[in-house]
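The values are calculated or read from the model by the stated rules, or taken from the named source; none is laboratory data. Being a predicted model, the structure only gives us computed values, none of them experimental. For neighbour counting, all protein chains shown are included, and Cβ atoms are generated from backbone atoms with ideal geometry for every residue, glycine included. For accessibility, only protein heavy atoms count, side chains too; no ligands or nucleic acids. Shrake-Rupley method; radii C 1.70, N 1.55, O 1.52, S 1.80 Å.
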Amino acid sequence: MQEFHDSTPTDVARYPMVPIRDVVVFPHTKAAFVIGRPSSVRALEEALATDRTIFLATQHDATVEDPAPDQIYQVGTLAYIANSLRKPEEATIKVLVEGRERARAVRVEERDGLYLATLRRAPVTVENNKRIAPLVSRIVSLVEQYLKIAQDNNPDQIHAALRASDPSQLVDQLADKMKLETADKQRLLETYSTQERMMRLVEIIEIEIEKQNLDRTIQTRVKRQMEKQQREYYLNEKIKAIHKELGRKDERAEYDELKQKVEDAGMTAEAYDKAMNELKRLEQMPPMSAESTVSRNYLDWLIGVPWTKRSEEIRDIAHAHEVLEADHHGLEKIKERILEYLAVRQLIEKPRGSILCFVGPPGVGKTSLGRSIAKATGRQFVRLSLGGVRDEAEIRGHRRTYIGALPGQIIQMMKKAGTINPLILLDEVDKLGHDFRGDPAAALLEVLDPEQNHTFHDHYLDVEYDLSQAMFIATANVLHTIPPALQDRLEIIRLAGYTEREKMEIAKRHLVKKQAESNGLKEEQVIFTDEGLKTVIEYYTREAGVRNLEREVGSICRKVARLLVQEKSANTDEQFRYIVDAVTVKKLLGPTKFRAQRAMERSEVGLANGLAVTEIGGDVMQIEATLVEGSGKITLTGKLGDVMQESAQAAVTYVRSRAAELGLAADFHKNFDLHVHVPEGAIPKDGPSAGITMATAMASVLTRIPVHKEVAMTGEITLRGKVLPIGGVKEKLMAAHRAGITTIVIPKENEKDLTEIPADVLEALQVNAVETMDEVLQIALERAPSPRPDANLEMTAPVWQQTPSNTGTAEGPVG
């Protein structure tokens, strides 16, 4: 719509105006939009009634419903209304327009309910092609780059715009088709110069490319971070679906089950709070993460360890006595101690019991005795071998921060037992080691202290656990390797070796029957006589226990089983029966392995019987002494330890101090060398208990008086001839009894130990308790030595006063 008069310039005209939102219409482009505001509808109708030309300008804020003239951009586009469609049921009109040229609103006024804009058309200028051509190439290159990285929905339309021959149309069509900000499009519309417009478009596209690259980088980074979680989520969902098809529980059900187990476990308040906190953490973790596995294992251990479940204890003393008697022969002291424990249990509900420690040589039944005690008391039995353990974490466990951490062996044994009152056997406690990883023996101090183990703290569980209701029994072969602090917490019960009679009874009651069944024989098919068992015990075993005896019995049973199979293959109908006596034992087992420990066949000069304790029990040890020509040198052989060598020196000094009483010349030591030897030289020997034996052998060889062959002795000697107490009396006396020795010499202070000796052994021995070395010589030598006469009296000189050439040997007295 135009108004003409003489003063109106040719580039100025008035047209109806429609404010549009979020859309910028460019010349040489088409746009479709919907008109709904009454003023816009009225302007459209006015334009349709004339030449179908309308002015389209974008409003500043799209949210304003009725913008004022100052809220509308001044530069817009004169457009031709190509088509309009009004739906009867709607108040809006759908319009398709074609942009023709740029124009600037000089004045906007409202008349008859519509906006009328007085416009000035944009000037048309001719641009320099030399400057335009490079810009066109740059724009094409940037647009191609843009399309590669941007997810644009109109790539075909953008490519069509690039084919425009006119640079001005190319820029307008690209600005219309590309996804640019409304403000950027408006600035391009307001730029009349084609060259400037192209330069501005280059800047805009370059910025868009940078934005797209940045978005792409961020998206790639986020994608990498999310990829693993999405993969885990996908796999977890798939696993859930598979479990659902198989009828298994889903993850939620597992959490509920874990929570129920925690509530039903009967934990302490501290452990319950710890478990519930860990369960909450587990619910928030991805199921397939490594941390969730650690938490799940921790909860499983907390739930698996017994907190309240206990086995019903048997407190019947008569029943316990029957079980112990049936499983073990002898060991009366230990059986009495167990019965005392059960008696106290009947009187006190929760006593703080002591920790027992069985000390004895291998094979005497320490481990099997622990199993019998568990059977007699109705407790669950678990065994923990401590031999070679060097890491403190084996007792207290590793902290959960370590990969593959587990509780200590104590907690593992409690879980294995399944009750809070098991019997835990700590086997080989004397063989604990220690290194840079800690001292496990020190960690056991808390476990084996009744005042502390009710709050035992395992590093893995990290909560207090009550061990006070568990019964601990330790076993050891020797005591000197156990730290004093640990010994202080143990009630030591010594298990000495068995006598021949006890070994015979054990073999008859248990070993023969067990080995016959293990080798497929019936009891009536192999019969051991007393002579046969005695031969095996004396000539094929040398031990305090019965472990090797069981092996030899098993060897005999295997050979008998072979004979049985051969007889069956011969199709004989006779019933198989094999008698094992002394003759058949040697036939089946071959040459004897040991010589019988017997007393000397005859009394000899310089040969005395000593008693010793070894790892396999007691033993009889013969000590030899002899004189040779020399200058007073003393030689000690037999692989003797430092303590034993010092005892020999003390014995020599004692003999020299008693030279007058023994009838020796004052300078007897200057003409002869003394050699003391302890046979079986390959075996290390040490200790002070052979002191009186070496002194007796020396006195015998110097006085030429034989030592009684049936006398054996043990005791420590002092320089003043006192006899001090020693250890291992029971083992030594039983070894002497096995060797057929009848007279024993022990220190006076060891008389109290005779109560531990079996009655039948004590009856067969004549035990002499002495305080001085003079009493020892009085018992051991066949006759008393003659004291040295007064120096002024001339008497027949004894052998030590004769010349070396007339000296006899230690084989017998010199006549």
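If the chain linking I634 and T293 were pulled fully straight, counting 0.36 nm for each residue of separation and taking away their Cα-Cα distance, it would gain 115.5 nm. Sequence-ordered 3J(HN,Hα) estimates for region 170-180 from the Karplus curve with 6.51, -1.76 and 1.60 and θ = phi - 60° stand at 4, 5, 5, 5, 5, 5, 6, 7, 6, 7, 10 Hz, glycine and proline given as x.
Enclosing the Cα atoms of region 144-242 in their convex hull gives a volume equal to 119 cubic angstrom per residue.
Once the C-beta distance of E763 and F576 is scaled by a Förster radius of 51 Å, the resulting FRET efficiency is 0.75 to the nearest 0.05.
For region 366-409, the alpha-carbon coordinates run over 42, 22, 12 Å along the three principal axes, in decreasing order. Phi angles across region 371-379 convert, under the Karplus curve 6.51 cos²θ - 1.76 cosθ + 1.60 with θ = phi - 60°, into 3J(HN,Hα) values of 5, 5, 5, 4, 5, 6, 9, x, 9 Hz, Gly and Pro given as x. Taking amide hydrogens as placed 1.01 Å from N in the peptide plane, the amide H of V767 sits under 5 Å from those of I744, each at least 5 positions away in sequence or on another chain. Here the calculated FRET efficiency for I492 and K514, from their Cβ-Cβ distance with R0 = 35 Å, stands at 0.75, rounded to the nearest 0.05. Between region 376-449 and region 98-125, the C-alpha centres lie 96 angstrom from each other. Shape index of region 324-383: Rg/Rh, with Rg the Cα radius of gyration and Rh the Kirkwood radius from the inverse mean 1/r over Cα pairs, equals 0.95. Taking the charge dipole of the chain about its Cα centre, with +1 at Lys and Arg Cβ atoms and -1 at Asp and Glu Cβ atoms, the residue from V294, M267, A496 reaching farthest to the positive side is V294. Computed from backbone phi with θ = phi - 60° and the Karplus coefficients 6.51, -1.76 and 1.60, the 3J(HN,Hα) list for region 717-734 is 10, 10, 5, 8, x, 6, 10, 9, x, 9, x, x, 4, 4, 4, 5, 5, 5 Hz; x is used for glycine and proline. Gyration tensor analysis over the Cα atoms of region 68-145 returns equivalent ellipsoid semi-axes of 34, 21, 12 Å (largest first, whole Å).
Grab the Cα-Cα distance for K415 and T592, subtract it from 0.36 nm times how many residues apart they are, and report the gain in nm with one decimal.
On the way: separation 177, 0.36 × 177 = 63.72 nm, distance 4.83 nm.
Value of the extension gain: 58.9 nm.
Mind checking the log10 I(q)/I(0) for the chain at q = 0.09 Å⁻¹? Debye, one equal scatterer per Cα, no solvent, two decimals. After summing over all Cα pairs, the log10 values are -1.03. Pairs of alpha carbons in region 619-662 separated by more than 14 Å make up 62% of all such pairs. Plainly put, region 713-758 has a radius of gyration that is 0.99 times its Kirkwood radius, both from alpha-carbon atoms, as the Rg/Rh ratio. For the chain, what does the helix formula give at 222 nm: sum of -39500 (n - 2.57) over DSSP H segments with n ≥ 4, over the residue count, nearest 500 deg cm²/dmol? Roughly -13000 deg cm²/dmol at 222 nm, from the helical runs in the chain. Near the amide H of H60, within less than 5 Å, lie the amide hydrogens of I72, Y73, all on another chain or at least 5 residues away, with H placed in the peptide plane.
Please report the relative contact order for the chain, taking Cα pairs under 8 Å with a sequence separation of at least 6, and give it as a percent rounded to a whole number. It rounds to 7 percent for the chain. Quick one: pull the percent of accessible area on the chain belonging to carbon and sulfur, 1.4 Å probe, ligands and nucleic acids left out. Within the chain, the accessible surface is 49 percent carbon and sulfur.
In the frame of its principal axes, region 433-587 has Cα extents of 70, 32, 31 Å, reported largest first.
For region 660-707, how big is the tail of P(r) above 17 Å, as a whole percent of Cα pairs? Don't jump to the answer; show the numbers that get you there.
Numbers: 514 of 1128 pairs.
It works out to 46 percent of all Cα pairs.
Pairs with C-alpha atoms separated by more than 23 Å, drawn from the list K375/K513; K670/K709; K732/K752; K639/K730, are K670/K709; K639/K730. For K274, the aspartates and glutamates whose Cα comes closer than 16 Å to its Cα, not counting residues fewer than 8 places off in the same chain, are E263, D264, E283, D300, D458, D462, E464.
Determine the percent antiparallel among the DSSP beta bridges restricted to region 520-675, to the nearest 5.
On the way: 12 of 17 bridges.
About 70 percent, rounded to the nearest 5.
Given a 1.4 Å probe, how much area per residue of the chain is accessible, in Å²? Kindly include the intermediate steps, with their values, before the conclusion.
Details: 42170 Å² over 815 residues.
Roughly 52 Å² per residue, with all protein chains present.
How big is the shadow of the Cα convex hull of region 99-193, averaged over all directions, in nm²?
Details: hull surface 31.6 nm².
Result: 7.9 nm².
Positive contributions from Lys and Arg (+1) and negative ones from Asp and Glu (-1), summed over other residues with Cβ under 11 Å from the Cβ of A582, come out at -1. Distance from the Cα centre of region 249-326 to that of region 542-559, in angstrom? Measuring centre to centre over Cα atoms gives 45 Å.
Give me the Debye-computed log₁₀ of I(q)/I(0) at q = 0.16 Å⁻¹ for region 671-753, equal point scatterers on Cα only, no solvent, two decimals. Calculated log10 I(q)/I(0) at the listed q: -0.71. Its Cα gyration tensor gives region 22-102 an equivalent ellipsoid. The semi-axes, each the square root of 5 times an eigenvalue, are 18, 17, 11 Å from largest down. Restricting the calculation to alpha carbons of region 170-318 gives Rg and Dmax of 31.8, 119 angstrom.
When DSSP beta bridges are restricted to pairs lying wholly in the chain, around 60% turn out antiparallel.
Projecting the Cα atoms of F668, L142, S689 onto the charge dipole of the chain, computed from C-beta unit charges around the Cα centre, puts L142 farthest toward the positive end.
Look at the Cα gyration tensor of region 446-493: its axes a ≥ b ≥ c give a/c of at least 1.5 with a/b over b/c, and that counts as prolate. Straight-line reach from K211: taking Cα to Cα under 23 Å and skipping same-chain neighbours fewer than 8 places apart, the lysines in range are K148, K177, K179, K185, K223.
What's the magnitude of the charge dipole for region 583-729 around its Cα centre, counting Lys and Arg as +1 and Asp and Glu as -1 at the beta-carbon? Answer in Debye, nearest 20. Walk me through the numbers on the way to the answer.
On the way: 16 positive and 15 negative charges, 83 e Å.
Dipole size: approximately 400 debye.
Amide H to amide H distances under 5 Å link H675 with T626, V628, T635, where only residues 5 or more positions off or on other chains count and H is placed in the peptide plane. In a fully extended conformation the segment linking T718 and K568 would gain 47.1 nm over its present Cα-Cα distance, using 0.36 nm per residue. Here region 61-92 is scanned for amide nitrogen atoms under 15 Å from the site 7 Å beyond the Cα of R120 along Cα-to-Cβ, giving 74-76.
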